[in-house]
Amino acid sequence: MKKIQNVTLSKKNVGETVELYGWVAKKRNLGGLLFIDLRDRSGIVQLVVRPEDAVYEMAETVRNEYVLKVEGTVLERESKNDKLATGEIEVQVEGLTILNTSLELPFEVSEDTTALEDTRLKYRYLDLRRTRLQEIMRLRHKIALATRNFLDKEGFLEIETPILCKSTPEGARDYLVPSRVNDGKFYALPQSPQIFKQLLMVGGMEKYFQIAKCFRDEDLRADRQPEFTQIDIEMSFVEEDDVMDVAERLVASVFKEAKGIEVSLPLRRMKYTDAINLYGSDKPDLRFDMPIEEISSIFTNTEIAFLKAVLEENGMINAIVAKNCADKYSRKEIDKLTDYVKTYRAGGLAYLKLEEEMTGSIAKLLSDKEKSEIISALQLEKNDMVFIISGKKEIVKTSLGALRLKLGRDLELIDKTKYEMLWVVDFPSFEYSEEEGRFVACHHPFTSPKDEDVNKLISDPGNCYSKAYDIVINGYEAGGGSIRIHNQEVQNKMFEALGLKDEEIKEKFGFFVDALKYGTPPHGGLAFGLDRLTMLLAETENIRDVIAFPKTASASCLMSEAPNIVAEKQLEELHISLKK
RNA sequence: GGUUCCGUGGUGUAGCGGUUAUCACGUCUGCCUGUCACGCAGAAGAUCGCGAGUUCGAUUCUCGUCGGAACCGCCA
């Protein structure tokens with residue numbers, strides 16, 4: 001007799017004696033005839049116990065989530081259940097051991113449980129017994145396994161990098177770890193293995209990868225956790241195309257191995273500037289189109305005061321068109337959309353409807369010429385709805401981009417069975433930080449500029465673009481990376497452009513900058529968000545669904561109640577005193 | 001740091017300035033030999049998150065607080 005996984009049982013096993021282990025998912029006592037659904041990781045099989053069976057009395061006492069060992073004979077069922085993989089058979093129980101009992105549960109361990117997420121998070125170990133989460137954990141495992149297999153075949157080495165690191169104040173906030181043996185000093189948990197993976201290239205490892213835990217002490221979102229996992233990759237002697245080639249073949253391999261989805265390569269590429277202009281996002285969801293249209297020029301001689309003011313202040317007027325939707329939007333709903341775009345700092349939302357005539361918030365103020373220009377520029381047809389936002393470029397693009405996504409969802413324009421992947425390339429090297437009053441690195445200060453922009457780093461930083469690329473799937477940034485600077489002169493120019501003084505460079509990146517002076521090969525890489533890839537393949541928008549023990553939006557764990565207050569003695573040992 | 005929403009038996013919900021606090025699932029007891037959302041009958045189970053205020057009276061209104069969710073900022 002051998003231990004058997006439930007779902008491996010089928011009609012071909014009829015007559016065999018088997019040994020099963022699992023949990024009681026459900027008991028149905030028909031008054032004599034007793035059915036128990038036994039669940040293990042593989043699924044459910046029905047046990048049957050009859051009054052004349054020796055184990056009947058014991059079987060009557062089992063409750064939900066009791067842990068059982070069962071010996072029995074596989075029988076063909078009198079009435080089949082096509083909802084179950086094992087629905088053609090059942091197991092007649094001959095030997096029964098209750099391996100453990102269970103308290104009454106805080107919620108039902110079933111797919112249609114009504115328990116809300118916070119309840120499920122508090123008892124995560126119970127939630128993990130549900131098929132949905134078991135499937136996701138299996139999927140996540142498959143993704144990691146496919147990644148390792150693929151990268152191994154491509155000649156990559158998996159190398160671990162430190163978790164206790166030096167704090168680098170650029171970028172996200174670090175999680176800090178006090179050092180007991182170094183009074184007053186702190187380690188930082190890595191935001192990513194960025195510096196170490198580049199040092200591995202300096203160290204001659206040529207092709208590295210790691211499935212690496214990363215930590216960022218920033219505010220959370222539905223797709224962001226304080227600790228998350230990256231598939232981190234770095235390669236020597238490569239240019240952009242080489243990295244993108246390996247990366248997209250990796251994605252294709254993962255989609256194929258983990259879920260049987262064919263991805264056709266090469267992926268399309270879109271310049272950052274185009275992504276922003278057309279979709280108002282550096283991670284456009286291309287499962288539907290609805291591009292943002294620039295219509296400023298139509299309003300050169302406008303009578304509309306607020307639009308005139310926008311244009312005088314170097315702002316722009318952009319629109320998106322919801323085809324054949326004019327009758328779907330009442331005043332009330334447009335007000336809701338207006339509130340929505342205001343959260344993205346848009347000043348307001350103007351709209352036009354092409355009905356018998358053109359109507360809408362600004363229709364009365366438009367000249368006939370302007371109306372006809374709008375119709376031809378936007379190729380409007382009857383019953384089309386136009387949403388218009390005006391103002392500063394950045395705000396117009398992001399708010400219309402957000403509105404586009406909302407309309408796409410609300411109007412069900414998104415084909416959820418589809419995966420739309422693309423590379424967004426040629427990111428700007430710098431962005432101007434109002435807060436700091438200077439240009440800051442868009443990616444990080446070791447990102448290589450485009451060859452043709454090297455000479456503009458100092459004279460015209462706002463027009464420099466970098467060898468950086470993000471892979472975007474269904475509107476999620478699934479991964480991103482860049483070619484790094486390996487040339488000392490270029491690196492110095494970059495620091496100069498960022499306004500970093502020598503002492504600052506030494507203090508912030510000292511050992512790393514030194515290392516780059518000792519024969520650094522040309523190199524580059526990227527990192528995928530393993531959590532986000534899993535979300536995409538699991539078809540969930542909640543990152544907590546794909547992490548075994550996730551944290552809430554306030555970065556705490558409802559189950560273990562981390563973080564917690566620690567004993568005064570612990571703090572003393574760490575040379576820490578807390579502000580009262 | 002900001003905005004919005006939520007908190008009622010174990011779970012999920014209804015509700016209201018004065019109720020015996022609604023319903024479903026679950027639990028327990030009894031009956032029931034082919035169920036698989038088993039069925040039938042009955043029972044137990046609630047500090048209405050916590051604190052203060054308004055009020056004759058607060059689960060309900062107000063403020064605070066704690067917890068949860070989404071978004072903006074933030075996330076090189």
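The values are calculated or read from the model by the stated rules, or taken from the named source; none is laboratory data. Computed from a prediction, not measured in an experiment: that's the story for all the values here. So basically every Cβ, Gly included, is an ideal-geometry build from the backbone, and we count neighbours across all protein chains shown. Please note that ligands, DNA and RNA were not included when accessible areas were found on the heavy atoms of the full protein model with its side chains. Shrake-Rupley method; radii C 1.70, N 1.55, O 1.52, S 1.80 Å.
In this structure, the pairs whose alpha-carbon distance is over 28 Å, taken from A:LYS27/A:LYS416; A:LYS283/A:LYS382; A:LYS392/A:LYS551; A:LYS508/A:LYS551; A:LYS328/A:LYS397; A:LYS259/A:LYS397, are A:LYS27/A:LYS416; A:LYS283/A:LYS382; A:LYS392/A:LYS551; A:LYS508/A:LYS551; A:LYS259/A:LYS397.
When chain A is described by a simple charge dipole with +1 on each Lys and Arg Cβ and -1 on each Asp and Glu Cβ, the residue from A:PRO284, A:GLY203, A:GLY15 located farthest towards its positive end is A:GLY15.
Ordered from largest to smallest accessible area (heavy atoms of protein chains, 1.4 Å probe), the residues A:ARG221, A:ARG120, A:ARG138 come out as A:ARG221, A:ARG138, A:ARG120. Taking 45 Å as R0, compute the FRET efficiency from the Cβ-Cβ separation of A:ASP327 and A:CYS557 and round it to 0.05. Calculated value: 0.40.
For the stretch A:418-473, the Kirkwood estimate of hydrodynamic radius, built from reciprocal distances between every pair of different alpha carbons, is 12.1 Å. The overall shape of the stretch A:520-562 is oblate: from the C-alpha gyration tensor, with semi-axes ordered a ≥ b ≥ c, the ratio a/c is 1.5 or greater and a/b is no larger than b/c. About its Cα centre, the dipole of the stretch A:62-132 is roughly 320 debye, where the only charges are +1 on Lys and Arg Cβ and -1 on Asp and Glu Cβ. Under 16 Å from the 7 Å Cα→Cβ point of A:LEU164, by amide nitrogen: which residues of the stretch A:178-212? Zone members listed by number: A:178-190. What shape does the stretch A:449-580 have by the C-alpha gyration tensor, where a ≥ b ≥ c are the square roots of the eigenvalues, rounded means a/c under 1.5, and otherwise prolate means a/b greater than b/c and oblate the rest? Judged from the Cα gyration tensor, the stretch A:449-580 comes out oblate (a/c at least 1.5, b/c at or above a/b). Divided by 2.2 N^0.38 Å, where N counts the residues, the Cα radius of gyration of the stretch A:338-434 comes to 1.32. Here's the picture: charge each Lys and Arg Cβ at +1 and each Asp and Glu Cβ at -1 in chain A, and of A:SER330, A:ASN383, A:LEU139 the one pushed furthest to the positive end of that dipole is A:LEU139.
Which value, in debye to the nearest 20, gives the size of the charge dipole of the stretch A:525-580 about its Cα centre, when Lys and Arg are +1 and Asp and Glu are -1 at the Cβ?
Roughly 200 debye, rounded to the nearest 20.
Suppose we look only past 17 Å in the calculated P(r) of the stretch A:259-373. What percent of the Cα-Cα pairs does that tail hold? Everything past 17 Å amounts to 67 percent. Taking a cut-off of 17 Å between Cα atoms, list the aspartates and glutamates near A:LYS342, but don't count ones fewer than 8 places away on the same chain. Output for A:LYS342: A:GLU333, A:GLU394. Extents of chain A, largest first, come to 93, 73, 56 Å (Cα atoms, principal axes, whole angstrom). For the stretch A:442-563, which whole-number percentage of the solvent-accessible area (1.4 Å probe, protein heavy atoms only) is attributable to carbon and sulfur atoms? Carbon plus sulfur share of accessible area: 49 percent. The residues of chain A expose, per residue, 52 Å² of accessible area to a 1.4 Å probe. Using all pairs of distinct alpha-carbon atoms, the Kirkwood hydrodynamic radius of the stretch A:189-341 works out to 20.6 angstrom. The slack in the chain from A:GLU218 to A:THR119, taken as 0.36 nm per residue of separation less the alpha-carbon distance, amounts to 33.2 nm.
Assuming charge only on the beta carbon of Lys and Arg (+1) and of Asp and Glu (-1), the dipole of the stretch A:339-395 about its Cα centre is about 360 debye to the nearest 20. State whether the stretch A:1-86 is rounded, prolate or oblate according to the following rule on the C-alpha gyration tensor (a ≥ b ≥ c being the square roots of its eigenvalues): a/c under 1.5 gives rounded; otherwise a/b larger than b/c gives prolate, and the remaining case gives oblate. It is rounded, given that a/c, with a ≥ b ≥ c, falls under 1.5. As a ratio to 2.2 N^0.38 Å, the alpha-carbon radius of gyration for the stretch A:112-203 is 1.58. Peptide packing for A:190-197, A:122-129, A:203-210, A:150-157 was compared via the average number of neighbouring C-beta atoms within 10 Å per residue; ordered from the highest value, the list is A:190-197, A:203-210, A:122-129, A:150-157.
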